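Here is the structure we will look at.
Throughout, read-outs are computed from the coordinates displayed, never taken from laboratory work. Since the model is a prediction, treat every value here as computed from it, not as a measurement. Neighbour counts are summed over all protein chains in view; Cβ atoms, including those assigned to glycine, are modelled from backbone coordinates with ideal geometry.
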Amino acid sequence: MSYSPSTDADRARMLRTIGVNSTDDLFVDIPAAHRDPTLDLPEALPEVDVLRLVRGLADQNQIPEGVASFLGAGFYRHFVPALVDQQLLRSEWYTGYTPYQAEMTQGTLQSMYEFQSLVCRLTGMEVANASLYDGATALAEAVLMCRAITRRSGVVMAGTVHPAYREVAATYTQAVDVDIRTVDGWSRSDGGVAPDVEAVAAAIDDTTSCVVLQRPDFFGWVVDPTPVVEAAERHGAKIVYVVTDPISLGLLTPPGDLGADVVAGELRALVGPPAYGGPGAGMLATRKAFIRRLPGRIAGRTTDLDGQQGFVLTLQTREQHIRRERATSNITTNQALVALGAAISISALGPGGVRSLATRSLSAAHRCAAALKDVGATVFDAAPYFHEFILHAPRGGEATVDALAAHGVFGGYPLGRVAPALDDTLLVCATDLTTRADVEALTSAWQAIHRG
Amino acid sequence: MPGRRSIVASEPLIFELASSGRPGVRPPLAQFDDVDPASVLPEGQVRESLDLPEVSEIDVMRHFVRLSQRNHSIDTAIYPLGSCTMKYNPKINEVAARLPGLLEPHPYQPETSVQGLLALIHDLEAVLGEIAGFATVTTQPAAGSQGEMVGLLCIQAWLRSRGERRATVLVPDSAHGTNPATATMTGMRVEPLGTAPDGNIDLDELDAKLNDDVAALMLTLPTTLGLFEQRILEVTRRVHAAGGQVYGDGANMNAMLGRVRPGDLGIDVMHLNLHKTFTTPHGGGGPGAGALGVQAHLAPFLPGPQIVRRDSGYALEPAGPDSVGRVHAHLGNVGNLIRGYTYIRSLGREGMREVANDAVLNANYLRARLAPHFDIPYNRICMHEVVLAGTRQRRLGVRTTDIAKRLIDYGVHPPTVYFPLIVDEALMIEPTETESIESLDQFAEALISVADEAKTAPDLLHAAPSAAPVRRLDEVTANRSPDVNWTAAD
Ligand SMILES: Cc1ncc(COP(=O)(O)O)c(C=O)c1O
């Protein structure tokens, strides 16, 4: 079953028009010895049967309906209005492609322009592109952008940036002249874990192309970045902020007001559940002055021959199909549909909705921390946090997670995976979708595993 | 308003539909007593204003429905973009990808709680390896271009492991722009390679340019001319003899399914585009999903984590010491891996060959029908696509852009234009196997009719389109003073 509508009679007619006897005659350029291999593949399956197969696999995975989940760590669950997915199921959106013929794809182009404008408002920046693969590659591209802008090779990376994002930035820069220096940006003592922005600021010097901070950072903290901003300005370094939860921008001072030159982030949480990590959409926003250094598609507003408003792909001389080896990036296919979903979601929630999801998330996390303290747990909360906090896990983070899972609770992310000094901690996240019942499940599981 | 066409009235911007105080969708009921953000966050860290549009739910819905209607899509009509494989996206894929058990899981839940997902991705990687002839496959790349980057990094790492450093990548002049762009991103130097008059790589030039600085040849198979490289075995043999690797751009795998495995032809590493060959939707520009297949010698350098099968079940194996590192925050565009897997299991063994057969048949049928009306510089049996040249029409004062814009008046989406660069006034047509003979005929007749108009009424082409929501757009001003972010003052 190949979804081909052709009948044998159609095929015979086509072969006659072409002037060959059989389909095999069309494949003669393939070396004969390698033609028509026998593939070890299963039989074709009709719809019902393939769905039964895939559902069987789906049913083997545990989901938040059956588990109280406190997992965040860069992948967040928030309320998403039902209309978002209804829109994304419209054929006119999801079965089109990059708007190469503007007159036939004005809908996609206008939605890209609206998306870019909404991202600018959320982040407080002046220009944004139409999306990158994910937040991690957005950071990698941001670092490459800053190298091109400053012609410096040093990068000061805070250790409070998502570890997977830092890994991707390292992958993207390994073969070019970029030297990433990671500075913890946190410190551990008996009393807990605390941010150390001064250490990040101190690492900036005249070779620094950019400094990278995350907001809220990987540990959930919201810190005042002023020392870093001042040091960067003193040394002429660019400032890159990473945002892994777009909902946080509903409440927190936007990076644009905190000296940002580039904002790199992930938008998945606006569009749907984590989907085991993808597809999400990377956002990349910057100042007007750097627009020609942005990678990826950008939609622009213009007019047609009659002076009527219309939209086009613009500044295409940055891109691979024009500039080839001198392009700003090799990206072609991006994450347009997810970006569209983000634009629809923000529009449907409005400023009140986005702010309310942010406030609810902050409240849920702080109430959850209080409930844990009530049952004797220690929360390392000396530093201000948004919707994620560090829980002391005296039996070890990994062991605690396993024990909680046995009670039907995904208790958090063991921070020992980031640094051995944090072996005895968990990163716990709550959002607007966290319920009182979830928190009760966590506190009673906590008590159960710490009893006796 | 003068000059404004009434058929499809222009749609206001979302910002213009807003009204202060208009409620949006209701957020969930509070589960906990509110905490005042100012009481827990540092001073200066709570934003004062959030300037987003306030639009009612129904107006948001209508706005985006109306915008969607100003789009062409596969589900409306043939979408013959060469190199893009715009084939039907089976609806069962969308159902599968939205099953809660596949959509809801979190990347950091215990591996024991996502055995079904890990099994699916593991099986998909194995099946893709079988189809394309590679020892190991990673589905972490989010698109083809990212696969290219991983592939070139793997080649560099392999060379380094042998104590070699090579910095040149040979890229045929017919290659997609991503090939040279990727070479630069990976710190390598691009050396272009010419195409012989028969559409194959120029072997003499290849010999002349192969030396001990050549890390790789990037080869698109079938080529972007829609042709199978007839001397492929000779090409891969010579590159290997010179110590280089062969990178295959597998964006065009559709033509080869079940007919040949590129990995059997001496290709060391190749990306596959699940959004082309394996029907994951193009989404108005993305997301796609790339997969990268490598032969055994390159496997140690792949990104981690990789999914492995142990006695105890599936597990995520962290990257080894030689890995080039990860290229995605988790495992790539998993939703599209589910769609691609659903499609592959729907096709089965028999379906694979049928896809290639009908894709190639349809392209050759269009070639035969259009050959009397257009120049075809490399006119031999083609694979999944045929590249025409608008050179005959240019002599009449009509450019390929004009032909493309006139097609729009016929309600037909134009093919890819001006690519590959080595064909003058190129029109690159890829019909795919999911178009019927009637649909192919309608497309061919529209194109033939436009070719006739180029002779009899060229001004129609110059003025086109006239039946679209907008006429030709001013790209020069858009570039010179970019308006990419709406502000109220506009
Ligand atoms: C021949 C060829 N190579 C590479 C690519 C890049 O793939 P992607 O758009 O998935 O990054 C494309 C398509 O865009 C292509 O047609």
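Some notes on this structure:
- Global geometry of chain B, whether rounded, prolate or oblate, following the gyration tensor of its Cα atoms and the 1.5 cut on a/c: oblate
- Inter-chain Cβ neighbour average for residues A:421-429, partner chain, 10 Å: 0
- Computed about the Cα centre, the dipole magnitude for the range B:107-187 is approximately 440 debye when only Lys and Arg (+1) and Asp and Glu (-1) carry charge, each at its Cβ.
- Chain B - share of DSSP beta bridges that are antiparallel (%, nearest 5): 55
- The overall shape of the range A:360-433, judged from the alpha-carbon gyration tensor, is prolate: a/c is not under 1.5, and a/b is greater than b/c.
- For peptide B:115-121, the mean count of partner chain Cβ atoms within 10 Å of a residue's Cβ comes to 5.
- By average C-beta atoms within 10 angstrom, highest first, the peptides B:88-98, B:244-254, A:209-219: B:244-254, A:209-219, B:88-98
- Taking 0.36 nm per residue of separation and subtracting the current Cα-Cα distance, fully stretching the chain between B:ASP33 and B:ASP51 would add 3.9 nm.
- Charges were assigned to the Cβ only: +1 to each Lys and Arg, -1 to each Asp and Glu. The resulting dipole of chain B about its Cα centre is roughly 620 debye.
- Theoretical FRET efficiency, 1/(1+(r/R0)^6), r = Cβ-Cβ of B:GLU475 and A:ALA12, R0 51 Å, to 0.05: 0.65
- Whole-Hz Karplus values for the range A:367-374 come out as 5, 5, 4, 5, 5, 5, 4, 4 Hz, taken residue by residue from phi with 6.51 cos²θ - 1.76 cosθ + 1.60 and θ = phi - 60°; glycine and proline positions read x.
- Among B:126-139, A:408-421, the peptide with the highest mean count of other Cβ atoms within 10 Å heads the list, and the full ranking is B:126-139, A:408-421.
- In order through the range B:53-58: 3J(HN,Hα) via Karplus (6.51 cos²θ - 1.76 cosθ + 1.60), integer Hz, x for Gly, Pro: x, 9, 10, 6, 4, 5
- Relative contact order (percent, whole number), chain B, Cα cutoff 8 Å, 6+ residue spacing: 18
- Within the protein assembly as shown, A:CYS120, A:CYS368, A:CYS429, B:CYS84, B:CYS154, B:CYS382 have no other Cys Cβ under 4.7 Å of their Cβ and so lack a disulfide-compatible partner by this rule.
- Close amide H partners of B:HIS373, meaning residues 5 or more places away or on another chain with modelled amide H under 5 Å apart, do not exist here.
- Burial order of peptide ranges A:51-58, A:128-135, A:38-45, B:260-267 (average beta-carbon count within 10 Å, highest first): A:128-135, B:260-267, A:51-58, A:38-45
- Antiparallel bridge percentage (DSSP; both residues within the range B:181-281; nearest 5): 10
- Note on chain A: with charges restricted to the Cβ of Lys and Arg (+1) and Asp and Glu (-1), its dipole about the Cα centre is near 840 debye.
- Positive-end extreme of charge dipole, the range B:352-475 - chosen from B:GLN393, B:VAL355, B:PRO414 (charges on Cβ): B:GLN393
- Rounded tilt (10° steps) of A:397-406 against the dominant C-alpha axis of chain A: 70
- Each label point was placed 7 Å from the Cα along the Cα-to-Cβ direction; for A:SER153 and A:ARG323 their separation is 2.2 nm.
- For A:21-32, mean number of other protein chain Cβ atoms within 10 Å: 6
- Taking a sphere under 12 Å around the Cβ of A:GLN62 and counting the other residues whose Cβ falls inside, with K and R at +1 and D and E at -1, yields a net charge of -4.
- Phi-derived couplings, Karplus 6.51 cos²θ - 1.76 cosθ + 1.60 at θ = phi - 60°, listed residue by residue for the range B:98-108: 9, 4, x, x, 9, 8, 8, x, 9, x, 9 Hz, with x used for Gly and Pro.
- Amide hydrogen neighbours beyond the local backbone of A:THR182, cut-off 5 Å, H modeled: A:MET157
- Once C-alpha pairs closer than 8 Å and six or more residues apart are averaged by separation and normalised to the residue number of chain A, the relative contact order reads 20 percent.
- Between the range A:195-259 and the range B:445-462, the alpha-carbon centres lie 58 Å apart.
- Structural descriptor for the range A:268-400: relative contact order 18 percent, calculated from alpha carbon pairs under 8 angstrom and at least 6 residues apart.
- Between A:ALA285, A:ILE346, A:THR150, the Cα set farthest toward the positive side of the dipole of the range A:82-347 (charges on each charged residue's Cβ, about the Cα centre) is that of A:THR150.
- Note on chain A: dipole from Cβ charges, positive end direction compared against A:ALA44, A:PHE27, A:LEU88; the farthest Cα belongs to A:LEU88.
- Tensor-based shape of the range B:139-181 (alpha-carbon gyration tensor, a/c under 1.5 rounded, otherwise prolate or oblate): oblate
- DSSP beta bridges fully contained in the protein assembly as shown are about 60 percent antiparallel.
- Secondary-structure-derived ellipticity at 222 nm for the protein assembly as shown, considering helices only, amounts to -11000 deg cm²/dmol, per-run term -39500 (n - 2.57) for DSSP H runs with n ≥ 4.
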